[in-house]
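A.B. asks: My questions all concern the structure below.
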Amino acid sequence: MLFRNWVGVFAAILVIAAGLTGCQKKSDGDAVLTAADYSRLTIPSHDYFQMQDSTQVFGKMSQLAELTVEEGRDLLKVEFDIQVGVQGKSVLFIDYDTGDPVRMESTQMFQGVEMSSNVYYQGDSVMRVMSTPADDGLDTLYTDIPEGTRDWTQAGFLLRALDLESLMGDTVEVSFYQGFGQAFVKTADVVIVGKEQVVVPAGEFETVHVHIDYANTIADYYIEVGGQRRVIKHDVPGRGYTLSKVLITEEQAQTDE
C-alpha cells in the first residue's frame, strides 16, 4: 500500500518529471502526430529544472537527452534524475523516426527501499512490470492502447517536436498512457493557446503556451520559441496552489538552495 500511494507522488513530480472556454479549431490528431519531427530538438541536450510552488522549492531534476541505436533503429533516450525528498531515475526511449514510445524504465529509492516500475510498448498493448520488496514476485499488468498512443512522460518532447506556431488556436486530441500508480490510457485535449513571455530562474523567454486537459487534470506547458525549443515551464494547478517545473541553469542546479 505504501508503494501504491508513493508512485502517485512520484508521477506528479515526474510529469511536472502533464478548461479553456471559447471555440478552438479541431486538428486531425493522427496528422499532427505524423507531422511531429524529433529532429527539431537539440540532441544531445542536458537541461535542469526545479520543482516549486509560490512559496518554496521542493527539489531539482536533470534531464539528459541523447540518441542511441537498438536493433538497427534510432532511439531518443531521455534520462530523468530526480532529487526531491525521494531519489529516482527514469529512462524513456522513443523511436526517433516515428515518435512511438518504446519503453520506460524507472527505479526509485524511498525510505531506503528500492522499487521499480518498467513499461514496455508492444503494438496494441502496454506491459507494465512493477517490483517492490513488499510483494512476492513481480506485478505485471497489460493495458490495451489505440494506435498513436504516446507515453504521458513523453508529452513535453512531443510538443517540442511539433510546429506549434502553425497550430495556434488549434485543439488536438492525443491518446496518452499513464503507467504510474493505477495505469490507464485516455485521450487528452491539447490546446495550442498562443505566444507568451515567461520569466523563470534561467531567464526570460518567448514561449508558446500549450494547455492540456487529461484524465480530469490540467497542465500548462510553455515551449521555447526558437533556440533549443526547450520546456521553459510546466504548471500543474492544484487546489489553491500550482506545482511548477521551471528551467534553471547548470550553475543554479549545483547550488544547495
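A.B. asks: Which FRET efficiency, nearest 0.05, do Asp124 and Ala215 yield, Cβ-Cβ r, R0 25 Å? Show your work: numbers first, answer last.
C.D. replies: Working: r = 20 Å, r/R0 = 0.81.
It comes out at approximately 0.80.
A.B. asks: So between Asp37 and Lys186, what do we pick up on full extension, going 0.36 nm a residue minus the alpha carbon distance? Spell out each step's value before the answer.
C.D. replies: Numbers: separation 149, 0.36 × 149 = 53.64 nm, distance 2.32 nm.
Going from the current span to full extension adds 51.3 nm.
A.B. asks: Please work out how much accessible surface Leu167 shows to a 1.4 Å probe, ignoring ligands, DNA and RNA, in Å² rounded to 10.
C.D. replies: Surface open to solvent at Leu167 totals about 20 Å².
A.B. asks: Excluding residues fewer than 8 places away in the same chain, name every one of the lysines whose C-alpha is closer than 21 Å to that of Lys26.
C.D. replies: Correct list for Lys26: Lys186, Lys195.
A.B. asks: As a check on your grasp of the helix formula, calculate [θ] at 222 nm for the chain: sum -39500 (n - 2.57) over DSSP H runs of n ≥ 4, divide by the residue count, round to the nearest 500.
C.D. replies: Values: 4 runs with 32 residues, N = 257.
Calculated mean residue ellipticity at 222 nm is -3500 deg cm²/dmol.
A.B. asks: Compute, for Lys77, the solvent-accessible surface of its heavy atoms (probe 1.4 Å) with the complete set of protein chains present, and express it in square angstrom to the nearest 10.
C.D. replies: 50 Å²
A.B. asks: Non-local amide H neighbours of Arg150 (under 5 Å, H modeled in plane, Pro and chain starts lacking H): which ones?
C.D. replies: Ser175, Phe176, Tyr177
A.B. asks: Net charge around Tyr221, counting only other residues with Cβ within less than 10 Å of its Cβ (Lys, Arg = +1; Asp, Glu = -1)?
C.D. replies: On the way: positive: Arg160, Lys233, Lys245; negative: Asp220, Asp235.
Local charge sum for Tyr221: +1.
A.B. asks: Further question: Determine ³J(HN,Hα), in whole Hz, for all residues of segment 209-214 in sequence, where each value follows from phi through the Karplus function 6.51 cos²θ - 1.76 cosθ + 1.60 and θ = phi - 60°; x replaces Gly and Pro.
C.D. replies: Per residue, the Karplus-derived 3J(HN,Hα) values read 8, 10, 9, 10, 10, 9 Hz.
A.B. asks: Provide His234, His46 ordered by accessible surface of protein heavy atoms (probe 1.4 Å), highest first.
C.D. replies: Values: His234 0, His46 90 Å².
Most to least solvent-accessible, the answer reads His46, His234.
A.B. asks: Here is a follow-up. Have a look at Ala215, Ile82, Gly240 and report the one farthest towards the positive end of the charge dipole of the chain, computed about the Cα centre with Cβ charges (Lys/Arg +1, Asp/Glu -1).
C.D. replies: About the Cα centre, the residue reaching furthest to the positive side is Gly240.
A.B. asks: Considering only protein heavy atoms, what per residue accessible area in square angstrom results for segment 146-257 with a 1.4 angstrom probe?
C.D. replies: For segment 146-257, the per-residue accessible area is 43 Å².
A.B. asks: At 0.36 nm per residue, and after removing the present C-alpha to C-alpha distance, how many nm does the segment from Gln83 to Glu105 gain when stretched out fully?
C.D. replies: Numbers: separation 22, 0.36 × 22 = 7.92 nm, distance 1.71 nm.
Length gained between Gln83 and Glu105: 6.2 nm.
A.B. asks: With a cut-off of at most 10 other beta carbons within 10 Å, and DSSP calling the residue loop, which GluC sites (Glu not before Pro) in segment 117-219 qualify? Please list them. If you can, show how the numbers build up before the last one.
C.D. replies: Working: sites: Glu147, Glu165, Glu173, Glu196, Glu204, Glu206; in loops: Glu147.
Hits after loop and neighbour filter: Glu147.
A.B. asks: Quick one: net charge around Phe205, please, counting Lys, Arg +1 and Asp, Glu -1 for every other residue with C-beta under 10 Å from its C-beta.
C.D. replies: On the way: positive: Arg230, Lys233; negative: Glu196, Glu204, Glu206, Glu224.
Its environment carries a net charge of -2.
A.B. asks: Quick one: pull the percent of accessible area on the chain belonging to carbon and sulfur, 1.4 Å probe, ligands and nucleic acids left out.
C.D. replies: On the way: 5680 of 12220 Å².
Here carbon and sulfur together make up 46 percent of the probe-accessible area.
A.B. asks: Ok, one more. Could you calculate the FRET efficiency of Asp30 with Glu206 from 1/(1 + (r/R0)^6), where r is the beta carbon distance between them and R0 is 25 Å, rounded to 0.05? Kindly include the intermediate steps, with their values, before the conclusion.
C.D. replies: On the way: r = 30 Å, r/R0 = 1.18.
With R0 = 25 Å, the Cβ-Cβ based efficiency is 0.25.
A.B. asks: Roughly how big is segment 132-219's charge dipole about its Cα centre, with Cβ charges of +1 (Lys, Arg) and -1 (Asp, Glu), in debye to the nearest 20? Present the calculation step by step, with values, prior to reporting the outcome.
C.D. replies: Numbers: 4 positive and 15 negative charges, 25 e Å.
It works out to roughly 120 debye.
A.B. asks: Quick one: net charge around Val236, please, counting Lys, Arg +1 and Asp, Glu -1 for every other residue with C-beta under 15 Å from its C-beta. If you can, show how the numbers build up before the last one.
C.D. replies: On the way: positive: Lys233, Arg239, Lys245; negative: Asp53, Asp213, Asp220, Asp235.
Net charge in that neighbourhood comes out at -1.
A.B. asks: Any chance you could run the full-extension gain for Asp97 through Glu173? It's 0.36 nm times the residue separation minus the Cα-Cα distance, nm to one decimal.
C.D. replies: Details: separation 76, 0.36 × 76 = 27.36 nm, distance 2.09 nm.
Additional length available on full extension: 25.3 nm.
A.B. asks: Work out from phi, with θ = phi - 60° and the Karplus expression 6.51 cos²θ - 1.76 cosθ + 1.60, the ³J(HN,Hα) of each residue of segment 226-239, listed in order in whole Hz, and give x for Gly and Pro.
C.D. replies: x, x, 8, 6, 6, 6, 8, 8, 9, 9, 10, x, x, 7
The values are calculated or read from the model by the stated rules, or taken from the named source; none is laboratory data. All values reported here derive from a predicted model rather than from experimental measurement. Every residue, glycine as well, gets a Cβ built from its backbone with ideal geometry; the counts of neighbours run over all protein chains shown. Surface accessibility is based on the protein's heavy atoms, side chains included, excluding ligands, DNA and RNA. Shrake-Rupley method; radii C 1.70, N 1.55, O 1.52, S 1.80 Å.
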